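One structure is given here, and the rest of the page talks about it.
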Amino acid sequence: MPVNYVSVEEGMADDGLRMVVVSGVPSPWGEAAKGIFHIKGLEWRAVRLAYDDDDLKKWTRRNLSGPIAFYGDDPPRSGWAEILMLAERLAPTPSLLPSDPLERALMVGLSHEILGEEGLLWLRRLQAVDWGLNGQEGGFAPPVAKYLSQKYGYTEGRGDEISIRITALLTLLSDRLEAQQAAGSAFYFGDQLSALDIYSAAAMALFAPLPDKDCPLPPPVRAAFETTDDATRAALKPILLTHRDKMYGEFLETPLCL
């Protein structure tokens, strides 16, 4: 379903479900939230994220770096878990949380390792900062890298540590999928889609974006997203991309509406 952006004024006046989202790139946080709303059949309105919009900043009262969901007079929700729980409340079926408490706790923990602070995507962003500040191919432009280094807690000399951590997290995810595959499942938990399946699929955009027919990107942006070091490339096992393709082929919308 196409994403039709409304103005900040329209978004502020609405009392239904609406979400501030980044446009133009497949931000995994935003694409995952869109996917959750789609699977649950929730209608929502999109407000384009604008860093220089003072009204938007005042309305959200949040650091504009990812999706922010609003519903009625509820407080704004900007964290991945907050947005998921809002969607679960508004549309309990189908649930995207395992019913078993232990598996639910594990799903939340693994989701944090993808989307949370110092998680896979946070570190992937810092990797591009590190490359940009050190003149390596695939990094952010130096002015952008300098700005993001302060925003996301980068310190000089973290490059090797970041790469090791990214490799470990990709391996954690692929090991889980391989174990599930051996048990006869294509999902992270049991035989049922969970939010973690959506998060994992969306996360691949920062390592291997969907092809142009499904995710049209300017060549420089695509090249930057696809740039990896040897260790990351080795850890990006085919099962992660096979899983991504299944999620977008059977559950999530394509082409992406950016």
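Throughout, read-outs are computed from the coordinates displayed, never taken from laboratory work. Quick caveat: nothing in here was measured; it's all calculated off a predicted structure. Here Cβ is always computed from backbone atoms with ideal geometry, including for glycine, and neighbour counts include all displayed protein chains.
Structure summary
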{"read-out": "Calculated log₁₀ intensity ratio I(q)/I(0) where the Debye formula runs over C-alpha points of region 58-206, q = 0.11, 0.16 Å⁻¹", "value": "-0.53, -0.98"}
{"read-out": "Selection from Ser95, Phe187, Gln136, by position along the positive dipole direction of the chain (Cβ)", "value": "Gln136"}
{"read-out": "Where only alpha carbons of region 195-258 are counted, the Rg and the Dmax (Å)", "value": "11.7, 31"}
{"read-out": "Average Cα contact separation per residue, the chain, under 8 Å, 6 or more apart, as relative contact order %", "value": "21"}
{"read-out": "Within the chain, longest stretch clear of exposed chymotrypsin sites (Phe, Trp or Tyr not before Pro) (DSSP loop, no more than 14 other Cβ within 10 Å)", "value": "52-250"}
{"read-out": "Helical contribution to [θ] at 222 nm, DSSP H n ≥ 4, -39,500 (n - 2.57), averaged over the chain, rounded to 500", "value": "-16000 deg cm²/dmol"}
{"read-out": "Axial C-alpha extent at least 30 Å, average Kyte-Doolittle at least -0.5 - helices from the chain (DSSP)", "value": "159-182"}
{"read-out": "Asp191, Asp245 arranged by Cβ crowding within 10 Å, fewest neighbours leading", "value": "Asp191, Asp245"}
{"read-out": "Selection from Pro219, Gly66, Ser111 lying farthest towards where the dipole of the chain points positive, charges on Cβ", "value": "Pro219"}
{"read-out": "Square roots of five times the Cα gyration tensor eigenvalues for the chain, Å", "value": "27, 25, 17"}
